[in-house]
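First the structure, in the form of structure tokens, and then the observations on it.
The values are calculated or read from the model by the stated rules, or taken from the named source; none is laboratory data. Computed from a predicted structure; not experimentally measured. Positions of Cβ are backbone-derived with ideal geometry, glycine not excepted, and every protein chain shown enters the neighbour counts.
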Amino acid sequence: MASFILKRFANFIVLVVIATTAGYLLAAIALNPRENFLGRNPPVPEYSINSILDNVNMNDQDPVLERYGTWVSGVIKGDLGLTIFSESVNNEFKNRIWVSFRLLILGSIFGAVFGVLIGVISAVRQYKFFDRTFGYSSYVILSTPVFLIAILLKLFAVFINDKLGFTLFYTVGMNTPELTGSALFVNSLQHMILPSLALILGGVAFYSRWQRNSMLDVLGSDHLRTARAKGLNKRQALFKHGLRVAILPMATFFAYSFGLLIAGAAFTEQIFGWYGMGEWFIRAVNTNDINSVSAIVLFTAVLVLFAGFLADVLVAALDPRVRIR
Amino acid sequence: MTSQAILQIKNLSISFPSESGMVQAVRNVSLDIYPGEVLGLVGESGSGKSVLSLSTIGLLPNSATVTGEVILNGRNLLELNDQEMSKHRGKDISMIFQDPLSALNPVQTIGHQIAEALLIHQDISYEQAFQRAGELLDEMRIPKPFERAKSYPHEFSGGMRQRVMIALAIANAPKIILADEPSTALDVTVQAQVLQLLKRASELTGAAVVLVTHDMGVVAGLADRIAIMYSGRIVEEGPIEQVFAKPGMPYTVGLIRSIPRIDAKQKRKLVSIAGSPPLPVDLPPGCAFAPRCPARQDICETKLPELESLSGEQRVACLRKDEIQNLIATGDLYSTEETSTIDQSKSGETILSVENLSKSFPVFKGAVLRRRIGSVHAVDDISFSLSEGRCLAIVGESGCGKTTTLLEIMNLVAPEKGRIVVFGKDVSEISKSERLALRKDLQIVFQDPFASLDPRMPIGEIIIEQLQVFKVPKVEQMARMQELLEIVGLDPAHANRFPAEFSGGQRQRIAIARALALNPKILILDEPVSALDVSVRAGVLNLLADLQKKLRISYLLVSHDLSVVQHVADFVAVMYLGSVVESGPVDTVFNHPRHPYTQALLSAVPIPDPVAEKTRERIILEGELPSPMNPPSGCRFHNRCHVRQTLAPKDQEHCATTRPVLLAQAGNLVACHHPIGQ
């Protein structure tokens, strides 16, 4: 098992390096930070543009590989460089990651848990009322764009707030400034509900469909029948023998989706006014901020591969067939 | 029977909803099961035998509608809910399923799964249960049982897993063991081992065994009593010797006579039961077998025969049950004619010869840095030849390399090692156009006619497509297609129907028609009847025999079923782990096998005759087929060989170190240092 993990880990480092290099080079070639300073009135003198760009290591007059070298040597030391506004990428990163994490941790966990539950129940009650209801709802949610769902949620929240006569759901931002202690905590939660809900809905709709299929496969499997022939009743057989096998294929799937979601919830963040990773990415591309884009690419690569690595280890722990090497 | 039945099935009917109406899977069945007996429940697929057995253990799908009674200890099991029924499952009634590969939970250890079965019904600690699991594995002759209890199912072979299933079934000393085709998915030598263990299991626990199977041979060897099902009803039931000796139902007669027998002295044409089993939807009021029955009278179509006593304990559901024996005597019911064997002295021209053919597959390891760690020698230095108008059969267990051999020949390119010569041409020297022309003369019929025909193409077009490839003029295509359908015994008017509208036997006929379309000289048959129901197998085998005589075509047959080989082939090559261990004319090889493996293989084949089957001596091989990745040294069979055990230590050593070559031995070619009969 230890050698299996080590091998996977070596594999993972190589892939991160490849992904980040490709990400940096692509950003450095496609984005043109000089544009930010052109066409201004009064015009910015050429030498001061160069001096700003040199300072942030984005001067297109230097060879790409040279800039890449500088960036990498910084990254190795833990310094992600400066943004186009000459601020530390590291600081921006620290602020943003916490925001994204707060938003996504609930969304992912609840999405996965409810998705699995609904999927399993749908499979057990195939074609019954429960299955059909959640089946159709899932299709509706999956075929609705995220921003539409978000806006509908907002309208719904406003409607509820009006009826209640006080603000239960906040529709924009992460919290109301100038609060402290438990008031801040409660206020933060009120802000979190809507964006989390937007993510949870999509997650549940998606996961439940997959889990339902995987569970149906297991329900028809011979070994579940053997378990019942041994004397387990339906429910025991399902929980002791069915669930673990049915969740196996989902483990990989969860891990990857979580990794992607952290940087991929751009719409949700934008609509609810959360300044997280996704929102940052869009802004960085718009402002030709090569270093920020590269930092996000690096972060995503690490996350996705780490998630995959975790999934592999998880599957190996759960499934003895994978362990044998 | 004088003793009290332990399980009584009374007027049981089971039906399922389906798109075309209610499927009546079991119709008004009554059956008693007595302590300690082995009851063979025989029927073709769709006869309701599996549904019947599942209903007694309460594992029918929820959609089933069940009426009647299943009485155990004075309680009607059908009235129990899942909670109450689960107290009986595994304790009073246990079950062994057909496919051991999927019947065990892949993520739990074998020992844990057996221990769980014990813990459900017994008040013992987990350690005790796990210990008992090891003992049970030991009872089932699994080597190093306590170590193996910690292994996962994928670390066991199919035969071993079936032993685990039997151990699981006897864990709580049940009163009844239901075994649903327990050996069908296994190789013939492993089947013999498993059936022996099943017998042992019943002796150990005193449990009654209900052996559900389609194989009359398996039943003949094991069962005390037999019940034959057709279309959801029991049509004949009684002591096994009596039923085999004096069957009282035409279906039973046909079934017994439709099976090729490996111990047949004289080749006879097999009885072919016309038609195919009816769909169990909207069954006619009369006897369900009537449309196929040669002894049918008008009344059979309208009056449903009840299962009534014929003589002694034998019960038969046939309106003419008292006349059947007379009909057989006068030759009016399923009489068989002897077939003339081909004169073997007159040898035809050799049209296919394979010399020293080898084929290996590389084995890789690692994901990032893939490296070759060895090879599987699927076929290792084999030679054989096929003459015009003859049938050569390659037999052997799964993994012996028979299919690889076929594919190498069909490839028509230079093999890895050795030579393949077709019609005098070495395939490594022919041009592309010659190769295409050769394909015309070399056609194949695959094992599974349900998978080998395009479901979205009418059967006529399936055949015509073959003609188009070789540019047969359009005007001739239609006529040729109709002629072909007629040759294989199908109605040309059905040419525009889709494969789904035909039964398994008919589909295999279509596949044969397609293969024959271009007048090939060699027809390669890859397990042509193993996917078919027993009653239609005979029809296809007879067709193949007729075609060979009529068209003077040569067959290269691959099969694991030795009785089929015995019936169809002229010459046989027995393969073990990639090499030929014995070859020669079928009669000599089968009647006087020289190689111990051939002998064991033949002895493992069940004969559909309870008297012969229960008295003959069996050689049951130890262990299973070794992995072809690291085959045993010397003679590849030496570690399983029963003859070697009787040899002097010096000779035993010789077998383990020196590989024998094929040498002529009284008409056969045998690769053995100590052939039998010397």
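A few comments on the model shown:
- Search result, residues across segment B:411-431 that are part of a loop (DSSP other than H, G, I, E, B) and of a type in the set (A, V, I, L, M, F, W, C): B:412, B:413, B:414, B:423, B:427, B:430
- Filter pass, residue A:204 being closer than 28 Å to residue A:272 by Cβ, loosely packed, with under 14 Cβ neighbours inside 10 Å and not acidic (Asp, Glu): no
- Selection count where residues are under 20 Å from the mean Cα position of the chain (by Cα), touching a residue at least 60 places away in the same chain (Cβ under 8 Å) and assigned to a helix (DSSP H, G or I), scope segment B:512-544: 8
- In segment B:218-240, the residues that are under 19 Å from residue B:202 (Cβ atoms) and under 23 Å from the mean Cα position of the chain (by Cα): B:218, B:219, B:220, B:221, B:222, B:223, B:224, B:225, B:226, B:227, B:240
- Failed condition for residue A:299, given (1) closer than 17 Å to residue A:90 by Cβ; (2) of a type in the set (A, V, I, L, M, F, W, C); (3) in contact with a helix residue (DSSP H, G or I) (Cβ under 6 Å, 6 or more places away or on another chain): (3)
- Scanning segment B:334-348 for residues that are more than 15 Å from residue B:270 (Cβ to Cβ) and modelled with pLDDT of 65 or more turns up just one, B:348.
- Among the residues of segment B:159-173, those identified as within 15 Å of residue B:624 (Cβ to Cβ) and within 13 Å of chain A (Cβ to nearest Cβ) are B:161, B:162, B:164.
- Segment A:287-325, residues that are within 14 Å of another protein chain (Cβ to nearest Cβ), touching a residue at least 24 places away in the same chain (Cβ under 8 Å) and among the charged types (D, E, K, R): A:312, A:319, A:323, A:325
- No other residue among B:448, B:454 is in a loop (DSSP other than H, G, I, E, B), among the acidic types (Asp, Glu) and in contact (Cβ under 8 Å) with a residue 60 or more places away in the chain apart from B:448.
- Residues of segment B:315-341 that are of a type in the set (Gly, Ala, Ser), surrounded by fewer than 17 Cβ atoms within 10 Å (Cβ to Cβ) and under 29 Å from the mean Cα position of the chain (by Cα): B:335, B:340.
- Scanning segment A:12-29 for residues that are in contact (Cβ under 8 Å) with a residue 12 or more places away in the chain and either within 14 Å of chain B (Cβ to nearest Cβ) or of a type outside the set (Ser, Thr, Tyr) (or both) yields A:12, A:15, A:16, A:19, A:23, A:25, A:27, A:28, A:29.
- Screening the candidates A:224, A:219, A:248 for the property of being under 21 Å from residue B:102 (Cα atoms), modelled with pLDDT under 85 and either hydrophobic (A, V, I, L, M, F, W, C) or assigned by TED's automatic domain parsing to the domain that holds residue A:314 (or both) yields one hit, A:248.
- The set of residues in segment B:297-320 being touching a helix residue (DSSP H, G or I) at 6+ places or on another chain (Cβ under 8 Å) and closer than 28 Å to residue B:20 by Cα consists of B:300, B:301.
- Criterion: within 31 Å of the chain's Cα centre (by Cα), over 25 Å from residue A:301 (Cα atoms), more than 14 Å from chain B (Cβ to nearest Cβ) and surrounded by 12 or more Cβ atoms within 10 Å (Cβ to Cβ) - qualifying residue of A:50, A:32, A:36: A:36
- Within segment A:1-53, the residues that satisfy the criterion of being of a type in the set (Phe, Trp, Tyr) and in contact with a helix residue (DSSP H, G or I) (Cβ under 8 Å, 6 or more places away or on another chain) are A:4, A:9, A:12, A:24, A:37.
- Residues that are outside any strand (DSSP E or B), of a type in the set (A, V, I, L, M, F, W, C) and modelled with pLDDT of 85 or more, drawn from segment B:367-402: B:400
- Criterion applied to A:311, A:266 was being closer than 17 Å to residue A:197 by Cα, surrounded by fewer than 21 Cβ atoms within 10 Å (Cβ to Cβ), touching a helix residue (DSSP H, G or I) at 6+ places or on another chain (Cβ under 6 Å) and among the small types (Gly, Ala, Ser), and the one residue passing it is A:266.
- Pairs, first more than 18 Å from residue A:35 (Cα to Cα) in segment A:54-80, second of a type in the set (Asp, Glu) and in a helix (DSSP H, G or I), C-beta under 9 Å, six or more apart: A:80/A:92
- Selection of segment B:127-149 for residues being free of Cβ contacts under 8 Å to residues at least 12 places away in the same chain and either at positive phi or within 14 Å of another protein chain (Cβ to nearest Cβ) (or both) yields only B:144.
- Within segment A:97-127, being among the charged types (D, E, K, R) and either at pLDDT 90 or above or in contact with a helix residue (DSSP H, G or I) (Cβ under 6 Å, 6 or more places away or on another chain) (or both) holds for one residue alone: A:125.
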